[in-house]
Amino acid sequence: MTFRDIVFKILSGSGATLLIFFSTLLFSLPLGLLIAFARMSKNKVIRSVITFIISILRGTPLMLQLIVWFFGPYYIFGFKLAAEWRVVSIIIGFSINYAAYFAEIYRSGIQSIPIGQYEAASVLGYTNSQTFTKIILPQMIKRVIPPVTNEIITLIKDTSLAFVVAYAEMFTVAKQVAAAKTTIVPLFVAGLFYYIFNYLVAFIMERIEKSFSYYR
Amino acid sequence: MSIFEIKNCKKKFHNVNVLDDISFKVDEGEVIAIIGSSGSGKTTLLRICTFLDFMDDGTMSYIDKNVVTSVNGHAKYIGQNSLSLDALKKNKSLTAVKSNFGLVFQNFNLFPHWTVLKNVMDAPISVQKRSEEEVKEKAMKYLDKMGLSSKANNYPCQLSGGQQQRVAIARALCMEPKIIYFDEPTSALDPELTQEILKVIKELANEKRTMVIVTHEMNFAKNVADRVIFMDNGVIVEEGNAYELISNPKMERTKRFLQKYE
């Protein structure tokens, strides 16, 4: 197997990595906002339940959560698992886990907006939803970009955890090739891919951050 | 015509009387200064007038229309069907009343992500549903009056404190309120910028705008306000003609307070 073959073989797994990555972002970024709202709810029951769920999601290994999502339906309900369930369960597991982290980031962002912004909006007669969408949300987004970037970078590397349910993403493929050919090169190649991917993400996020720097 | 009237207003925080039986009236074109030491209840009073806080008992009216009535010793706001604070904050009937007044804060509270012009224009358009053309014309007129037409496209962070406060005043004016409240509008500013803001407020007074100003600037209150209300410990101790009251207070407590400013 030439170096070229190794690279192509690993690249074949990168599609799966990208699928997990983009699907997770697509679902978890908005879901996090919903969870953040529930977490800040004035209803004590909703607030406590969500706080508890967040603590479970953040307090147990993502790897464990992925296994539970994948095997849970079989062990708990005795369902026969469809072939597609593997990737679906991974995306569910990642999205919900990351949504919990994003929710806490959003919450801190929302709560860091000075009360005076709400008061000025109230006196001017803005409704609660106008106040949130026009005044609070845009300022919140600016504040959460740096911590969200951190999470996104972690997500890229975490996609490798999908190997626990034998999903053929990039890292799983690299490991298989490394084991079959007794060479460490595939792992370096995979590492390089993660690095380049992260470099791109950091670059894009920095651009986004800059686009918000017109005000303080 | 009475623009605003509050009667027997009571407010407690954690069982401490913050406001006790406050009554006063503002007529059209009148400028009223509220003075008193920190913790006397001045700011709480303004917050109640602007629905940022809600009174426990008393009555309130804007333009001779009742907004709060007293029912069995409890304040009842119009359109109120639940006692919860949350329900009061969402109360649509109160939102309609809000277009009667404007409030200028101590810390300006401009929206930092919007340009000066957008800060002034957005609420008239998206809350009062006025036409963009009309609002833009007014906004530019008020910014010009505040000497800030050249800053229309700047962001608040690019302005000095005095300029930010003038934008906040333009923002309040553009809503075309019947009465404007000022909550210590110069307390966050240095002496030079303070004069800049006082000059603007004085101009508004000359135009016979109805205003209620909470202030620590005694000279300003004396020379610009028609009437002064002196508050201490949640009650109105003395009220009267601004010039006379500040030069010649009758009550002992007022004298002691004013001595600190000599």
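The values are calculated or read from the model by the stated rules, or taken from the named source; none is laboratory data. Because the structure is a prediction, the values reported are computed rather than measured. A quick note on method: Cβ atoms are made from the backbone with ideal geometry, for glycine too, and the neighbour counts reach across all protein chains shown.
Some observations on this one:
- Of the residues screened, A:PHE8 is not one that is in a helix (DSSP H, G or I) and in contact (Cβ under 8 Å) with a residue 60 or more places away in the chain.
- Long-range neighbours under 8 Å by Cβ, at least six apart or interchain, first residue crowded, with 17+ Cβ neighbours inside 10 Å within the stretch B:202-229, second among the basic types (Lys, Arg): B:THR210/B:LYS178; B:VAL214/B:LYS42; B:PHE220/B:LYS202; B:VAL224/B:LYS202; B:VAL228/B:LYS222
- For the stretch A:111-118, the criterion of being surrounded by 17 or more Cβ atoms within 10 Å (Cβ to Cβ) and free of Cβ contacts under 8 Å to residues at least 24 places away in the same chain is satisfied by at least one residue.
- Evaluated against (1) within 14 Å of another protein chain (Cβ to nearest Cβ); (2) under 30 Å from A:GLN139 (Cβ atoms); (3) at pLDDT below 95, B:PHE13 falls short on exactly one condition, (1).
- All told, A:MET1 meets the bar of being more than 12 Å from the chain's Cα centre (by Cα), in a loop (DSSP other than H, G, I, E, B) and touching a residue at least 12 places away in the same chain (Cβ under 8 Å).
- Complete set of residues in the stretch B:1-39 that are surrounded by 21 or more Cβ atoms within 10 Å (Cβ to Cβ) and under 28 Å from B:GLU203 (Cβ atoms): B:ILE3, B:PHE4, B:ILE6, B:VAL26, B:VAL31, B:ILE32, B:ALA33, B:ILE34, B:ILE35, B:GLY36
- For beta carbons closer than 7 Å, sequence separation of 6+ or different chains, a first residue in the stretch A:183-204 that is surrounded by 13 or more Cβ atoms within 10 Å (Cβ to Cβ) and a second that is part of a helix (DSSP H, G or I) and charged (D, E, K, R), the qualifying pairs are A:TYR194/A:LYS157.
- Of residues in the stretch B:121-138 being assigned to a helix (DSSP H, G or I) and either touching a His at 6+ places or on another chain (Cβ under 8 Å) or within 14 Å of another protein chain (Cβ to nearest Cβ) (or both), the one nearest to A:GLY125 (Cα to Cα): B:ALA123
- Which listed residue, of B:THR43, B:THR95, is among the hydroxyl-bearing types (Ser, Thr, Tyr), surrounded by fewer than 23 Cβ atoms within 10 Å (Cβ to Cβ) and either part of a strand (DSSP E or B) or facing chain A (nearest Cβ under 10 Å) (or both): B:THR95
- Of everything in the stretch A:94-104 that is of a type in the set (A, V, I, L, M) and surrounded by 21 or more Cβ atoms within 10 Å (Cβ to Cβ), the residue that is nearest to B:HIS113 (Cα to Cα) is A:ALA103.
- Screening A:ILE91 on (1) at pLDDT below 95; (2) assigned to a helix (DSSP H, G or I); (3) surrounded by 12 or more Cβ atoms within 10 Å (Cβ to Cβ) shows it passes everything except condition (1).
- Identity of the residue in the stretch A:119-131, part of a helix (DSSP H, G or I) and not small (Gly, Ala, Ser), that ends up surrounded by the most Cβ atoms within 10 Å (Cβ to Cβ): A:LEU124
- Taking the criterion of being in a loop (DSSP other than H, G, I, E, B), among the small types (Gly, Ala, Ser) and in contact (Cβ under 8 Å) with a residue 24 or more places away in the chain, the residues of the stretch B:139-181 that qualify are B:ALA152, B:SER160.
- Subset of the stretch A:35-67 (residues that are free of Cβ contacts under 8 Å to residues at least 12 places away in the same chain and assigned to a helix (DSSP H, G or I)): A:PHE37, A:LYS44, A:VAL45, A:ILE46, A:ARG47, A:SER48, A:VAL49, A:PHE52, A:SER55, A:ILE56, A:GLY59, A:LEU64
- B:TYR243 vs. criteria touching a strand residue (DSSP E or B) at 6+ places or on another chain (Cβ under 6 Å) and either buried (at least 17 other Cβ atoms within 10 Å of the Cβ) or not small (Gly, Ala, Ser) (or both): no
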